[in-house]
Amino acid sequence: MKIDPRIEFIRKLLDQLGGEKILIICAHAQTVTELEKEFRIQYGIHVATFHEDMSMVARDRAAHFFAESDGSRML
């Protein structure tokens, strides 16, 4: 993936928001998986992913992990 300016913008937003959680909406599942990979590799930040290619069980788990107070800060 080429350098995506959204990655740095979102990382700075996370810093500004402190412990607040954010929901990122993308048009394509591929964008979701690429952003998740970049945050995990570059910053060690866990992103709960949720897209149409996932099973209902996987989607429920991701949503639950995001909803937990100590869960993922991004979905």
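Here are the numbers:
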item: Residue list for region 10-21, restricted to those being open to solvent by 100 Å² or more (accessible area, probe 1.4 Å) and free of Cβ contacts under 8 Å to residues at least 40 places away in the same chain; result: Lys12, Asp15, Gln16
item: Residue among Ile24, Ile7 that alone is among the aliphatic types (A, V, I, L, M), open to solvent by less than 100 Å² (accessible area, probe 1.4 Å), in contact (Cβ under 8 Å) with a residue 12 or more places away in the chain and assigned to a helix (DSSP H, G or I); result: Ile7
item: Residue within region 36-46 that is outside any helix (DSSP H, G or I) and under 10 Å from the mean Cα position of the chain (by Cα) present; result: yes
item: Every residue from region 23-55 that is closer than 13 Å to Arg73 by Cβ and small (Gly, Ala, Ser); result: Gly44, Ala48
item: Residue match in region 2-22 (condition: modelled with pLDDT of 90 or more, among the small types (Gly, Ala, Ser) and more than 12 Å from Met74 (Cα to Cα)); result: no
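Matching residues to (1) among the small types (Gly, Ala, Ser); (2) on the phi < 0 side of the Ramachandran plot; (3) surrounded by 11 or more Cβ atoms within 10 Å (Cβ to Cβ); (4) assigned to a helix (DSSP H, G or I):
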{"residue": "Thr33", "(1), (2), (3), (4)": "no, yes, yes, yes"}
{"residue": "Phe50", "(1), (2), (3), (4)": "no, yes, yes, no"}
{"residue": "Met54", "(1), (2), (3), (4)": "no, yes, yes, no"}
{"residue": "Ala58", "(1), (2), (3), (4)": "yes, yes, yes, yes"}
{"residue": "Arg61", "(1), (2), (3), (4)": "no, yes, yes, yes"}
{"residue": "Phe65", "(1), (2), (3), (4)": "no, yes, yes, yes"}
{"residue": "Asp70", "(1), (2), (3), (4)": "no, yes, no, no"}
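The values are calculated or read from the model by the stated rules, or taken from the named source; none is laboratory data. Bear in mind that the values here come from a model prediction, so they are computed numbers and not experimental data. Note that each Cβ is placed from the backbone with ideal geometry, even for glycine, and that neighbours are counted across all protein chains shown. SASA here: full protein model, heavy atoms, side chains in, ligands and nucleic acids out. Shrake-Rupley method; radii C 1.70, N 1.55, O 1.52, S 1.80 Å.
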